[in-house]
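The values are calculated or read from the model by the stated rules, or taken from the named source; none is laboratory data. Given the structure is predicted, the values throughout are model-derived calculations rather than measurements. Cβ sites come from the backbone with ideal geometry, for glycine too, and all protein chains shown count toward neighbours. What goes into the accessible areas is simple: the full protein's heavy atoms, side chains included, and nothing from ligands, DNA or RNA. Shrake-Rupley method; radii C 1.70, N 1.55, O 1.52, S 1.80 Å.
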Amino acid sequence: MIKRVFDLFFSIILLIVLAPLFVVVGILIKLDSPGPVFFKQKRVGKDNKTFMVYKFRSMGVGTPDGAKEDLGEESSYVTRIGRIIRRFTIDELPNLFSVVRG
């Protein structure tokens, strides 16, 4: 229970502090390529429970399924802003919402 309170507290603080970054990254993604700002995907977690993972979209819409994850920054599917947010792991920040949701 202590770990959950710790995770919840710091996730909320980080979301508040990073809110301006979320807005800027969202605008840059929309300006860089058409499509949604966030990429979402179902994943299997603890006790085989499925949950949604949210990330900033770093690849173009219509990328083939076989080319989705673990592509290097040099892939032609990765957008210009996608290269930057992947390099600094900014694309993973929306996962803080998953931490808050539990």
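Structure above, values below:
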read-out	value
Heavy-atom accessible surface of the chain: percent carbon and sulfur, 1.4 Å	66
Span per principal axis, largest first, for the Cα atoms of the chain (Å)	44, 33, 20
Simple spin-label estimate for E92 and R4 in nanometres, 7 Å along Cα-Cβ	2.5
Probe 1.4 Å, accessible area per residue of segment 1-61, Å²	73
Amide proton proximity set for F39, modelled H, under 5 Å, gap of 5+	K55, F56, R57
Simple spin-label estimate for L18 and K30 in nanometres, 7 Å along Cα-Cβ	2.0
5 angstrom amide H check on T79, placed H, neighbours 5+ away	M59, G60
Candidates K30, K46, K55: whichever shows maximal mean-square fluctuation once the chain is modelled as a Gaussian network with Cα springs under 10 Å	K46
